[in-house]
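Asks: Structure provided below as structure tokens; questions to follow.
Quick note: the coordinates plus some simple rules give every number you see, no bench work behind them. What you see is a predicted model, and the numbers here were worked out from it, not measured in a lab. Positions of Cβ are backbone-derived with ideal geometry, glycine not excepted, and every protein chain shown enters the neighbour counts.
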């Protein structure tokens with residue numbers, strides 16, 4: 001099964017999402033406060049499910065500037081989903097934040 | 001029919017005006033005021049324009065971020081949970097004001113009367129907790145929380161309280177047998 005990269009460009013209130021198959025890396029950077037957060041992350045979760053069929057390792061790299069509480073919960077759910085799809089020892093999770101935030 | 005619609009807007013407008021009068025009496029200048037329905041564009045522009053105004057005023061980055069976050073939560077609360085009047089209008093208001101040491105943000109929307117006790121009890125519970133207690137409440141909801149059908153996470157009030165570092169002041173003005181105007185009035189230190 002051929003899995004494509006995913007690239008969602010950043011919007012006014014949504015982050016840029018880059019999923020790279022070659023490096024097994026999912027990057028989510030920017031603002032995250034859309035009204036329908038579930039809808040936004042749906043393709044991202046599908047991409048994770050697909051890549052997990054071909055690989056058992058993943059790196060998730062998150063850096064948010066402004067993030068709403070519903071996005072915080074959705075990000076947590078996304079990480080829990082990642083944990084259920086990949087071997088725990090093969091998950092690298094980077095949470096980047098500004099000092100004092 | 002018109003009388004009923006006017007009455008809903010009238011009660012909310014009275015509260016909005018009363019809050020602005022209090023701000024002015026306390027030497028606050030009004031940075032932004034909106035009464036009526038809140039569009040998606042409003043939702044995006046209000047925090048961004050407030051951020052720009054705060055940068056011009058020389059506010060600290062940390063204060064700007066706190067206010068931006070409060071606005072995101074408050075405006076999403078209005079859009080996701082604000083009830084509509086009999087004419088289908090999601091009557092709401094937003095005021096942002098500042099003086100030398102503080103910012104004030106007031107957010108008003110219609111709520112169903114059956115939720116007035118739940119909401120006031122929830123805010124009282126948050127206000128009674130200290131910062132550690134609020135953190136525990138936040139983590140508890142975060143761990144067990146789900147995004148509701150409306151898109152809310154149940155973290156809005158507690159996030160606003162934690163970001164403001166002050167008690168959440170609120171008013172509930174009964175409009176009629178089914179609706180009330182709910183107003184949050186939030187104080188944020190500029191330091």
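Asks: Using a Förster distance of 41 angstrom, determine the FRET efficiency expected from the C-beta separation of residue B:10 and residue B:60, and round it to 0.05.
Replies: E between residue B:10 and residue B:60, to the nearest 0.05, is 0.55.
Asks: Let me ask something else about it. Residue A:5 label point, 7 Å along Cα→Cβ, cut-off 13 Å on backbone N: hits in region A:16-44?
Replies: A:17-27
Asks: Would you mind ranking B:114, B:99, B:51 by Cβ crowding within 10 Å, fewest neighbours first?
Replies: So the ranking, lowest neighbour count to highest, is B:114, B:99, B:51.
Asks: Which residue, B:127, B:177, B:89, has the most motion in a Gaussian network model of chain B that connects Cα atoms within less than 10 Å?
Replies: Judging by the Gaussian network model, the answer is B:177.
Asks: I would also like to ask the following. Counting other beta carbons within 10 Å of each residue's own, what order do B:83, A:16 fall into, fewest first?
Replies: Ordered from fewest to most neighbouring Cβ atoms within 10 Å, B:83, A:16 come out as A:16, B:83.
Asks: Now for a separate question. Could you identify which residue out of B:112, B:77, B:144 has the top mean-square fluctuation in a GNM of chain B using Cα springs shorter than 10 Å?
Replies: It is B:144.
Asks: Provide, for q = 0.08, 0.12 Å⁻¹, the log10 of I(q)/I(0) from a solvent-free Debye sum over equal Cα point scatterers in the protein assembly as shown.
Replies: Rounded to two decimals, the profile gives -0.39, -0.82.
Asks: Still on this structure: Could you list A:28, A:18 so that the one with the fewest beta carbons within 10 Å of its beta carbon is first and the one with the most is last?
Replies: With the fewest neighbours first, A:28, A:18 line up as A:18, A:28.
Asks: Using a/c under 1.5 as the rounded threshold, could you call chain B rounded, prolate or oblate? The axes a ≥ b ≥ c are square roots of the C-alpha gyration tensor eigenvalues, and prolate needs a/b larger than b/c, oblate otherwise. Before the final figure, lay out the partial values.
Replies: Details: a/c = 1.62, a/b = 1.14, b/c = 1.41.
In terms of gyration-tensor shape, oblate.
Asks: Normalised by the residues of chain A, what does the relative contact order come to in percent, with Cα pairs under 8 Å and at least six apart? Each step should come with its number before you reach the end.
Replies: Working: 155 pairs, mean separation 26.1, N = 101.
Computed over chain A, the figure is 26 percent.
Asks: Based solely on its DSSP helices, what 222 nm [θ] is calculated for the protein assembly as shown when runs of n ≥ 4 H residues each add -39,500 (n - 2.57) and the sum is averaged over all residues, nearest 500 deg cm²/dmol? Could you put the intermediate results ahead of the total?
Replies: On the way: 8 runs with 131 residues, N = 292.
Computed ellipticity for the protein assembly as shown at 222 nm equals -15000 deg cm²/dmol.
Asks: Quick one: length gained pulling residue B:191 to residue B:89 fully straight, 0.36 nm per residue minus the C-alpha distance? Please report the intermediate quantities before stating the final value.
Replies: Numbers: separation 102, 0.36 × 102 = 36.72 nm, distance 3.80 nm.
Extending this stretch completely gives an extra 32.9 nm.
Asks: Compute the semi-axes of the equivalent ellipsoid of chain A, taking the square root of 5 times each eigenvalue of the Cα gyration tensor, and list them largest first in whole Å.
Replies: 22, 15, 12
Asks: Could you work out which residue, out of B:131, B:76, B:90, moves most in a Gaussian network model of chain B, that is, has the largest mean-square fluctuation with Cα springs under 10 Å?
Replies: B:131
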